[in-house]
1. Scan region 81-104 and report the pairs whose first residue is in contact (Cβ under 8 Å) with a residue 60 or more places away in the chain and under 16 Å from LYS55 (Cα atoms) and whose second residue is of a type in the set (A, V, I, L, M) and open to solvent by 20 Å² or more (accessible area, probe 1.4 Å), with Cβ atoms within less than 6 Å and a gap of 6+ or a chain change.
2. Has region 156-168 got any residue that is in a helix (DSSP H, G or I), under 20 Å from the mean Cα position of the chain (by Cα) and over 30 Å from LEU124 (Cα atoms)?
3. So if I check each of VAL184, VAL204, which one is farther than 25 Å from LEU82 by Cα, at pLDDT 95 or above and crowded, with 24+ Cβ neighbours inside 10 Å?
4. What single numbered condition from (1) touching a residue at least 40 places away in the same chain (Cβ under 8 Å); (2) touching a Gly at 6+ places or on another chain (Cβ under 9 Å); (3) open to solvent by 30 Å² or more (accessible area, probe 1.4 Å) fails to hold for LYS223?
Amino acid sequence: MPHISNDNILNVAVEAALAASDYIMEALDRPRIENHKGATDLVTETDLGSERIIKAIIRSSYKDHSILAEETGKEVNNSDYLWIIDPLDGTTNFVHGYPSFGVSIGVYYKNEPLVSAVLEMPTLRLYTAVQGLGAFCEGDPIETAKTTKLKDSLLVTGFGYEHGDNWNKNMKLFKHFTDITHGVRRLGAAAIDICHVACGKADVYWEYDIKPWDIAAGILIAKEAGCIVSDLSGNDTDISTDNLLIANKFLHDEMIVQIRNHLN
């Protein structure tokens, strides 16, 4: 396979995210047609339209690459490249006009994160990363906060749509960390939450019951911004995980201790 420029891949990812955002923002004030994947897991016509736009732009440059998209699943080709797409992260927020949603595109090469683009809406703030070259917001370098103590930190988390054992465990953690930190936020868009930790607006992100498209782009942006990424037990992890912890080097180990002690 001929060498493919990471810069070109990033340009295509950004082009796709921006084109999708134009469509999403234009749809923001229109009536939304809602379907339900689960009890409260919404999919709108906007999700599907955004996904079609993103895939068409990818295919115009890279016809042979594989794609994993939230709404239409996986299209596997004989390629070492995999594009992982969330065409509208925070669909419920979008449906209600709540200002925390976005587009997330992560590109993996031989199962390793290579390029990421996350576009936060409605602010249209673009986060990007290329493996080994740092993380950026609107072209400016970003890094995670240097907060050293949990009592001085602000945390973000999310809750899955299924109210099972993990939901109950996370509710316990939500209460616990609310008591011992400056607070815990739950905004409802995982990719945006992770980018907020990457750029230092929050200090820690954790969540159960996540899917690959929720985190594929965010993981690389977080790592390139200086975060430690693991599962909630502290083990190295990748997009196959169903739980995730992202924190700076000062808070990560203490989070693992707190989670283990509070859930046991």
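The values are calculated or read from the model by the stated rules, or taken from the named source; none is laboratory data. Bear in mind that the values here come from a model prediction, so they are computed numbers and not experimental data. Cβ: placed from backbone, ideal geometry, glycine included. Neighbour counts: every protein chain shown. Note: accessible area is taken over every heavy atom of the protein model, side chains too, but ligands, DNA and RNA are not part of it. Shrake-Rupley method; radii C 1.70, N 1.55, O 1.52, S 1.80 Å.
1. ILE84/LEU68
2. So far as region 156-168 goes, yes, one or more of its residues are in a helix (DSSP H, G or I), under 20 Å from the mean Cα position of the chain (by Cα) and over 30 Å from LEU124 (Cα atoms).
3. VAL204 is the lone residue from the list that is farther than 25 Å from LEU82 by Cα, at pLDDT 95 or above and crowded, with 24+ Cβ neighbours inside 10 Å.
4. So the condition that LYS223 fails would be (2).
Matching residues to (1) assigned to a loop (DSSP other than H, G, I, E, B); (2) open to solvent by less than 20 Å² (accessible area, probe 1.4 Å); (3) on the phi > 0 side of the Ramachandran plot; (4) in contact (Cβ under 8 Å) with a residue 40 or more places away in the chain:
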| site | (1), (2), (3), (4) |
| --- | --- |
| SER50 | no, yes, no, yes |
| ARG59 | no, no, no, no |
| ILE67 | no, yes, no, no |
| SER79 | yes, no, no, yes |
